[in-house]
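**Student:** Here's a structure for you.
Since every read-out is calculated from the coordinates, none of them should be taken as a lab result. Values in this document were obtained by computation on a predicted structure and should not be read as measured data. Positions of Cβ are backbone-derived with ideal geometry, glycine not excepted, and every protein chain shown enters the neighbour counts.
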Amino acid sequence: MKKILAILIVLMLLVSFAGCKKIGEKIGEKITENILENASGSDIDIDGDTMTVQGTDGSSTTIGGTEWPDSDLAKKIPELKKGTVSYVMESTDYLYVTVDSVEEQDAKDYIEEVKASFTVDPYEMTYDGGFSYTAKDDSGLNISVSYTEGTVLIMVSQEAS
């Protein structure tokens, strides 16, 4: 009986320490949010590995994350399903996605997929260690895809109408 009681006490302590860590993380997030809000004048929300900045003009920018974004802008481009998303920054008018561990051929295949929809003013470049493709579609959506040593950077922006 004493062993069972000792095990239960240890388990309760572990659970309470885990709760304290989460509380500490939330407190740290709130302190950081307050510092950034005071410095920028914007509303800041930190949630784990993402930060959302609400501008005074109503604009919103999300920074961070390791999943392919699901915003309206992201839905207008093909999803790169190879590799690992390591960074995302997006707002209503622009999107940056970095994908690591991409094979060169997979990057070339992705660019071919992009070329099907983005045909206006295309520009291709090959450089030491990589290559890139930039173009826009008929609606004025710009895309730039670059590959360098296993990393693909995708930048998308909407032209002002």
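**Student:** May I ask which residue of Val102, Phe118, Gly83 lies farthest towards the positive end of the charge dipole of the stretch 81-136, with charges of +1 (Lys, Arg) and -1 (Asp, Glu) on Cβ and the Cα centre as origin?
**Tutor:** Looking along the dipole axis, the top candidate is Phe118.
**Student:** Per 10 Å bin, what is the whole-percent P(r) computed from every C-alpha pair distance within the stretch 72-161?
**Tutor:** With 10 Å bins starting at 0, P(r) equals 18, 54, 26, 2.
**Student:** On full extension of the chain, what length is gained from Thr84 through Thr119, given 0.36 nm per residue of separation minus the C-alpha to C-alpha distance? Display every interim value, and only then the final one.
**Tutor:** Details: separation 35, 0.36 × 35 = 12.60 nm, distance 2.68 nm.
Here the answer is 9.9 nm.
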